[in-house]
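Have a look at the structure below, then the notes.
Derivation of every value follows stated rules applied to the coordinates shown; laboratory data play no part. None of the values given here were measured: they were computed from a predicted structure. Note that we place each Cβ from the backbone using ideal geometry, even for glycine, and neighbour counts take in every protein chain shown.
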Amino acid sequence: MVKTPLPIAILISGSGSNLQALIDAERSGELGCDIAVVISDRSGVQGLDRAADAGLGVEVVDWSAFDSREAFSEAVCDAAQRYGARALVLAGFMRILTPNAITRFPNAIINVHPALLPSFPGARAVEGTLAYGVKLTGVTVHFVDEQVDHGPIISQEAIEVLPDDDADALHARIQEVEHRLLPEAVAAFARGNLVVDGRHVRLRHAQTEAKTG
Ligand code: GRF
């Protein structure tokens, strides 16, 4: 049975290389989603140009115009729902969504984080990794819950930290992995292949899917 593509909103704050990976996956038919809108928390970022070049709907919800996180979070969800989005993908989005967003998009917000959670949550994960001296870091794709960088983990991949790494070099290798892992996770979600059980996310078997429709 062919499923209707899931309408999603992609949230960005910066260069949008993860957004580009999602756009490319959508165009090649691998994402199982329609990118209904790209929402940025600021104007003038490269990700907005990528969205416009791809002919996508674009909204700027300027976080500095809001006097509370809750109000900003509501405005982001309002924008996503105006475009019919049924899930949010945080692709380098540097703002924290408050619990109202999780209520409005239950089990339907996905984030990519440049470290192996639960190690190094927060905004400066790559710098924190290098400062700590760990030998392995990686990428985590996870559902968003009420706590920062905490929700059930969909996928992870480890990356070696090299002796001469600086933040730029390490982040570049991390992003290569992000650009593969995030679209794969979003595609699995869109096809209904992710089963969430508490903190555990498992991939539904293709055979089970065939049986159920
Ligand atoms: C990504 O590495 C993401 O993990 C981190 O910010 C970066 C955003 O990159 N939170 P881009 O905007 O997708 O190029």
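Quick one: which residues, 5 or more positions from E157 or on another chain, have an amide H under 5 Å from its amide H? H modelled 1.01 Å from N in the peptide plane, none for Pro or chain starts.
V139
Decide, for region 1-94, between rounded, prolate and oblate: order the square roots of the alpha carbon gyration tensor eigenvalues as a ≥ b ≥ c, take rounded if a/c falls under 1.5, and otherwise choose prolate if a/b is larger than b/c, else oblate. Kindly include the intermediate steps, with their values, before the conclusion.
Numbers: a/c = 2.39, a/b = 1.45, b/c = 1.64.
Oblate, since a/c reaches 1.5 and b/c is not below a/b.
Give the long-range amide H neighbours of V201: residues separated by 5 or more places, or on another chain, with amide H under 5 Å away, using H modelled in the peptide plane at 1.01 Å from N.
So V201 has HN proximity to I153.
Restricting to Cα atoms and excluding each atom paired with itself, what does the Kirkwood estimate give for region 6-212 in Å? Could you put the intermediate results ahead of the total?
Values: mean 1/r = 0.0577 Å⁻¹.
It works out to 17.3 Å.
For region 117-163, rounded, prolate or oblate, judged on the Cα gyration tensor with a ≥ b ≥ c (square roots of eigenvalues), a/c < 1.5 rounded, else prolate if a/b > b/c?
Working: a/c = 3.44, a/b = 1.65, b/c = 2.08.
Note, shape of region 117-163 comes out oblate.
So what is the relative contact order of region 6-212, in percent, for Cα pairs below 8 Å that sit 6 or more residues apart? The partial results should precede the final answer.
On the way: 392 pairs, mean separation 39.9, N = 207.
Relative contact order of region 6-212: 19 percent.
Picking from L90, L56, L162, which is most flexible by a Gaussian network model of the chain using Cα springs under 10 Å?
Maximum among the listed residues: L162.
What's the exposure ranking of F189, F66, F105, going from fewest to most Cβ atoms within 10 Å? Before the final figure, lay out the partial values.
Values: F189 25, F66 17, F105 20.
Least crowded to most crowded, the residues run F66, F105, F189.
About its Cα centre, how strong a charge dipole does region 30-108 have in debye, to the nearest 20, once Lys and Arg get +1 and Asp and Glu get -1 at the Cβ?
Working: 7 positive and 11 negative charges, 34 e Å.
It comes to approximately 160 debye.
Sorting S40, S119, S155 on the 10 Å Cβ count, fewest up front, what's the list?
On the way: S40 25, S119 15, S155 18.
Final ranking by Cβ density, sparse to dense: S119, S155, S40.
Compare the Cα positions of A52, V76, A187 along the charge dipole of the chain (+1 at Cβ of Lys, Arg; -1 at Cβ of Asp, Glu; about the Cα centre) and return the one farthest towards the positive end.
The residue sitting farthest along the positive end of the dipole is A187.
Quote to one decimal, in nm, the extra length available between S64 and Q156 on full extension: 0.36 nm per residue of separation minus the C-alpha distance between them.
Numbers: separation 92, 0.36 × 92 = 33.12 nm, distance 3.26 nm.
29.9 nm is the gain from fully extending S64 to Q156.
Any idea what the dipole of region 5-62 comes to, in debye rounded to 20, about its Cα centre with Lys/Arg Cβ at +1 and Asp/Glu Cβ at -1? It would help to have the intermediate numbers written out before the result.
Working: 3 positive and 9 negative charges, 11 e Å.
Dipole about the Cα centre, nearest 20: 60 debye.
Give the long-range amide H neighbours of L116: residues separated by 5 or more places, or on another chain, with amide H under 5 Å away, using H modelled in the peptide plane at 1.01 Å from N.
It is G138, by chain and number.
Please list, in order along region 28-42, the HN-Hα scalar couplings obtained from phi with the Karplus expression 6.51 cos²θ - 1.76 cosθ + 1.60 (θ = phi - 60°), rounded to whole Hz, x for Gly and Pro.
Rounded to whole hertz, the list is 8, x, 8, 8, x, 10, 9, 7, 6, 6, 10, 10, 10, 8, 7.
Nearest 20 debye, what's the magnitude of the dipole of region 6-212 about its Cα centre given +1 on Lys and Arg Cβ and -1 on Asp and Glu Cβ?
Numbers: 17 positive and 28 negative charges, 137 e Å.
That gives region 6-212 a dipole magnitude of about 660 debye.
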